[in-house]
Each structure stands twice: as structure tokens, then as C-alpha cells.
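Before any comments, here is the structure.
What follows is calculated from the coordinates using simple rules that are stated; it is not laboratory data. Quick caveat: nothing in here was measured; it's all calculated off a predicted structure. A quick note on method: Cβ atoms are made from the backbone with ideal geometry, for glycine too, and the neighbour counts reach across all protein chains shown.
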Amino acid sequence: MVLQWLRNTKNEFGRDLTWPLVLTSGYASLAGMSYGLDLNYWSGFLGMPQFQHDFGIYSPTTQTYTIPTTWQSIASGTP
């Protein structure tokens, strides 16, 4: 219904709008949102002390557990 209304308008956007274009745009939007959610929960995990303790490396100089930046980069780039 909206697609038909846009096609009847006089601007170029409405005339060029097709179902494959709408579906492709919707899929790309969902993929972008999914990637954003992945990075969001990953950054939450990295800030959790228990996660750092379970999966991090102990540093005797600071006496804390940290996750190396190379591991962080690999895990955030994988999705």
C-alpha cells in the first residue's frame, strides 16, 4: 500500500522504489542492528570483573586480570 502510494508520487524516489530494493534495504538494516548489538554486549562483557578474571591474563605488576587488546580486537571483529 505504501509502496503503491510512493510509486504514484511525482518524485524520483517513489518511481525507483521496488520490492527487491525494499527487501535489500531491510536486510541491510537488520544486519547493521545485529552488528551493533554484538558490539554492545561484548563491551559489557569486557567491563565485567568476573569475565576478566575468568578469561583474562594476570598481571603481577598491577595485580589485576586484564584481557589483552589483541584478544579484544579478534573478538570484536569476528561477528
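What the table below lists for this structure:
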quantity: Cα gyration tensor shape of segment 31-73, rounded if a/c is under 1.5, else prolate or oblate by comparing a/b with b/c; calculated: prolate
quantity: Cα-projected label distance for residue 55 with residue 27, points at 7 Å along beta-carbon direction, nm; calculated: 3.0
quantity: Residue order, fewest to most beta carbons within 10 Å, for 21, 46; calculated: 21, 46
